[in-house]
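The values are calculated or read from the model by the stated rules, or taken from the named source; none is laboratory data. Small disclaimer: the values here were computed from a predicted structure and weren't measured. Neighbour counts are summed over all protein chains in view; Cβ atoms, including those assigned to glycine, are modelled from backbone coordinates with ideal geometry. Keep in mind that these areas ignore ligands, DNA and RNA; they rest on the heavy atoms of the full protein, side chains included. Shrake-Rupley method; radii C 1.70, N 1.55, O 1.52, S 1.80 Å.
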Amino acid sequence: MRKLRLAVTLGDPAGIGPEVILKALADPAVRENCDVTVVGSQELIVKFYTIFNKTANSEPLVNPEKLSVLDVAAALPFQDNIVIGQGNAASGSASFAYMEAAINYTLAGQFDAIVTGPIAKSAWKAAGYNYPGQTELLAEKSGAKRVGMLFVARSPHTSWLLRTLLVTTHIPLSQVPQVLTPQLMTEKLDLLVECLEKDFGLKKARIAIAGLNPHSGEQGQLGREEQEWLIPWIEQERKNRPNLQIDGPIPPDTMWVKPGQAWYGNSTIQNPADAYLALYHDQGLIPVKLMAFDRAVNTSIGLPFIRTSPDHGTAFDIAGKGIADATSMKAAIELAAFLVSERLKA
């Protein structure tokens, strides 16, 4: 079988993306079963390599001469205005150009998957690109009608695999009750079930679904959404999907107890779920980042290709200091390779 072909975008070049990529690709095991092409700028990569090699805290870095780099011409006019640690219109324009190039080449069959470096939404906006995030750009360019943000992390303590899908993503908290509908819940559950079956081989999964309100509404005393539509929707889905075990709505403050025990190795834990469905951004990502900030991977499901990303931002405050942790970037590359290989087996 041919080697898997992964595109790794540089992300915002003013952030820690270049550093964590150089560190991650210095580990031979990360590239063992795949050919990795960095989508960005050869000139900037060499510049960053020189800077990081001079920092006392720097980990091993891959020599740029040993990298395959796709130089993105559209980003070249902005490079002189990029300042490490300061996201601006120039860095936003460059990171957007890297993403567009990676998507276009992947859709053309040149790559099997995209691993995206972290970008700054504010820098994209300063450059004139009004997308809530990379997921929305990926969906638009690939023509995907249904997409989801699945966060995957493997515990270093127990090897248990945490999977968390968000129903709503980058919207204000005040809009969540209006955006949540049975139709949207069904769409996200469909995506999750398809992903668990196709990418993880789980035909009879157990899925835990959070409530929206404190104590899942406490029978309508703390909010009516559960009584009015969420509980009836879950009951109907149980009938529609006899191969699934659906738990919920689980009070949001207790849903994460079992995952925490499974993650840290509590021997009394019984049957944690295969996946967790969180209804809004912070409901899902606070526990994910508390447990797995340095190793969680954001996986876009519903696209015509695999896309993963480290679950952290640009960290402008530490950019250029050589102290960024590359664990999540390594995990993102390894998960992309695993998911591609699973799909090729099918």
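Placing +1 on the Cβ of every Lys and Arg and -1 on the Cβ of every Asp and Glu, with no other charges, gives the chain a dipole of roughly 640 debye about its Cα centre. Quick check on the stretch 147-296: of the DSSP beta bridges with both residues there, what percent are antiparallel, nearest 5%? So the antiparallel bridges in the stretch 147-296 amount to around 40 percent.
Let's see if you can work this out: charge +1 on each Lys and Arg Cβ, -1 on each Asp and Glu Cβ, no other charges. What is the dipole magnitude of the stretch 92-238 about its Cα centre, in debye to the nearest 20? Let's see the in-between values first.
Details: 14 positive and 15 negative charges, 68 e Å.
About 320 debye.
Measuring max minus min along each principal axis, the C-alpha atoms of the stretch 138-184 give extents of 39, 29, 19 Å (largest first). Of the residues Cys34, Ile21, Ile82, the one whose Cα sits farthest towards the positive end of the charge dipole of the stretch 13-85 is Ile82 (charges of +1 on Lys and Arg Cβ, -1 on Asp and Glu Cβ, taken about the Cα centre). The C-alpha radius of gyration of the stretch 147-296, expressed as a fraction of 2.2 N^0.38 Å, stands at 1.00. Residues Leu150, Leu70 ordered from highest to lowest accessible area at a 1.4 Å probe: Leu70, Leu150. Applying 0.36 nm per residue to the separation of Ala73 and Asn240 and subtracting their alpha-carbon distance, the gain on full extension is 55.1 nm.
Which value at 222 nm does the chain reach when only helices count, each DSSP H run of 4 or more adding -39,500 (n - 2.57), with the total divided by all residues and rounded to the nearest 500 deg cm²/dmol? Display every interim value, and only then the final one.
Working: 11 runs with 126 residues, N = 346.
That comes out to -11000 deg cm²/dmol.
Taking Cα atoms only, the orientation of helix 42-53 departs from the longest principal axis of the chain by about 90 degrees.
Pairs from the table (Lys121/Lys203; Lys47/Lys188; Lys121/Lys330; Lys203/Lys289) lying more than 32 angstrom apart at Cα are Lys121/Lys203; Lys47/Lys188. Roughly how many whole Å is it from the C-alpha centroid of the stretch 215-259 to that of the stretch 89-151? Between the Cα centres of the stretch 215-259 and the stretch 89-151 lies a distance of 34 Å. Using the average count of surrounding beta-carbon atoms within 10 Å as a protection proxy, the listed peptides 314-322, 210-218 rank, highest first, as 210-218, 314-322.
Taking one quarter of the surface of the convex hull spanned by the alpha-carbon atoms of the chain gives a direction-averaged projected area of 17.9 nm². Contact order, relative form, for the stretch 270-341: 29 percent (alpha carbon pairs under 8 Å, 6 or more residues apart, mean separation divided by residue count). Per-residue SASA remark: Glu194, around 80 Å² accessible (1.4 Å probe; ligands, DNA and RNA not included).
Could you sort Asp190, Asp199 by their accessible area in this structure, using a 1.4 Å probe and putting the largest first?
Asp190, Asp199
Semi-axes, largest first, in whole Å: what does sqrt of 5 times each Cα gyration tensor eigenvalue give for the stretch 1-95? Write out the running numbers ahead of the final one.
Details: eigenvalues 102, 58, 20 Å².
Semi-axes, largest first: 23, 17, 10 Å.
For a straight C-alpha distance cut-off of 19 angstrom, the aspartates and glutamates reachable from Lys345 (same-chain residues fewer than eight places away being disregarded) are Glu32, Asp35, Asp112, Glu194, Glu197, Asp199, Glu334. Annotation: for a label point projected 7 angstrom from Cα along Cα→Cβ of Thr55, residues of the stretch 306-334 with backbone N closer than 17 Å are 312-330.
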